[in-house]
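The values are calculated or read from the model by the stated rules, or taken from the named source; none is laboratory data. Just so it is clear, the structure is predicted and the values come from calculations on it, not from any experiment. All Cβ positions, even for glycine, are placed from backbone atoms using ideal geometry, and neighbour counts span all protein chains on display.
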Amino acid sequence: MALVRLQKVLADAGIASRRGSEELITAGRVSVDGKQITELGTKVDPEKSQVEVDGEPISRSQSKVYLIFNKPAGVISTMSDPEGRPNLGDYFTNRNERLFHVGRLDRESEGLILLSNDGNLAHRATHPSYGMVKKYLVEVAGAYGRDEEKALLKGVELEDGLARALELTLLRSISPKHHWIEISIHEGRFHIVRRMFDALGAEVIRLIRTDFGPLSLGETAVGRWRVLGEVEIDNLFNVLELKR
């Protein structure tokens with residue numbers, strides 16, 4: 001069998017995402033056939049090599065799972081937290097798989113997070129080249145009209161570069177300075193939506209992600225999760241150009 005990069009073997013086994021697997025390797029937590037590996041270019045035979053993480057052999061026969069979670073505000077996007085803060089892992093204590101989140105939402109944001117033990121899919125879904133479109137409902141305090149809409153669609157300059165909305169829909173204006181807006185973007189820089197509105201002098205009061213690529217929250221209640229259906233998985237794999 002052809003040799004495969006070690007981080008892909010770890011990701012395929014559901015140990016962590018590709019990026020997370022690279023961090024495990026560089027931290028010296030991975031060994032192959034009894035030898036500690038710290039170089040990212042290392043390739044192994046996934047059928048014959050004995051791969052261990054923290055001294056525990058990895059399992060290569062784990063079935064893949066894909067879950068949608070409706071994250072409440074106040075929950076951090078990690079599977080555990082040494083400070084005891086509410087985190088994603090608190091909601092999946094009855095799952096046996098080693099899940100990791102695909103992308104993240106900041107602590108006060110709400111909505112759709114995809115979780116899986118499929119490292120290859122996680123790697124592609126968060127890679128900029130695939131441009132997964134994210135859709136948000138945003139409650140905004142501040143002026144919003146045609147000028148602000150044009151600015152967001154054209155792109156606003158942030159400290160780390162231009163940020164542009166793909167689509168914008170004004171859903172409701174409660175007052176001249178209180179609005180609900182639907183916005184779609186394709187990137188995932190830190191606090192990107194909040195910073196875009198802040199650049200226009202508006203404050204995001206509430207931020208809810210409703211869509212991630214072809215996936216939608218649907219009727220999933222806040223704080224609840226569901227398993228993706230076969231059609232949803234097929235659509236996701238098609239967008240990411242993956243084979244099941």
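Points to keep in mind about this one:
- Test: residue in region 25-34 that is among the charged types (D, E, K, R), over 22 Å from the mean Cα position of the chain (by Cα) and modelled with pLDDT of 90 or more: yes
Conditions (1) within 27 Å of A221 (Cβ to Cβ); (2) over 16 Å from the mean Cα position of the chain (by Cα); (3) part of a loop (DSSP other than H, G, I, E, B), marked per residue:
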residue: P46; (1), (2), (3): no, yes, yes
residue: S63; (1), (2), (3): yes, yes, yes
residue: M79; (1), (2), (3): yes, no, yes
residue: P82; (1), (2), (3): no, yes, yes
residue: G89; (1), (2), (3): yes, no, no
residue: N94; (1), (2), (3): yes, yes, yes
residue: R98; (1), (2), (3): yes, no, yes
residue: H101; (1), (2), (3): yes, no, no
residue: D106; (1), (2), (3): yes, no, yes
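- Of all residues in region 158-181, those that are surrounded by 10 or more Cβ atoms within 10 Å (Cβ to Cβ) and within 27 Å of the chain's Cα centre (by Cα) total 14.
- Being surrounded by fewer than 16 Cβ atoms within 10 Å (Cβ to Cβ) and either touching a residue at least 12 places away in the same chain (Cβ under 8 Å) or hydroxyl-bearing (S, T, Y) (or both) is a condition met by at least one residue of region 120-129.
- Within region 183-197, residues that are within 16 Å of I208 (Cβ to Cβ) have Cβ atoms under 9 Å from residues that are part of a helix (DSSP H, G or I) and not aliphatic (A, V, I, L, M) in these pairs: I183/F197; G188/P128; H191/D198; F197/E148, counting only partners at least 6 apart in sequence or on another chain.
- Criterion: surrounded by 14 or more Cβ atoms within 10 Å (Cβ to Cβ) and in contact (Cβ under 8 Å) with a residue 24 or more places away in the chain - qualifying residue of G213, G201: G213
- Screening K135 on (1) among the basic types (K, R); (2) more than 22 Å from N238 (Cβ to Cβ); (3) modelled with pLDDT of 95 or more shows it passes everything except condition (2).
- Those residues of region 182-228 which are acidic (D, E), assigned to a strand (DSSP E or B) and within 17 Å of the chain's Cα centre (by Cα), in sequence order: D211
- Matching residues in region 120-165 - criterion: being touching a strand residue (DSSP E or B) at 6+ places or on another chain (Cβ under 8 Å) and in a helix (DSSP H, G or I): L121, A122, A125, E149, L152, L153
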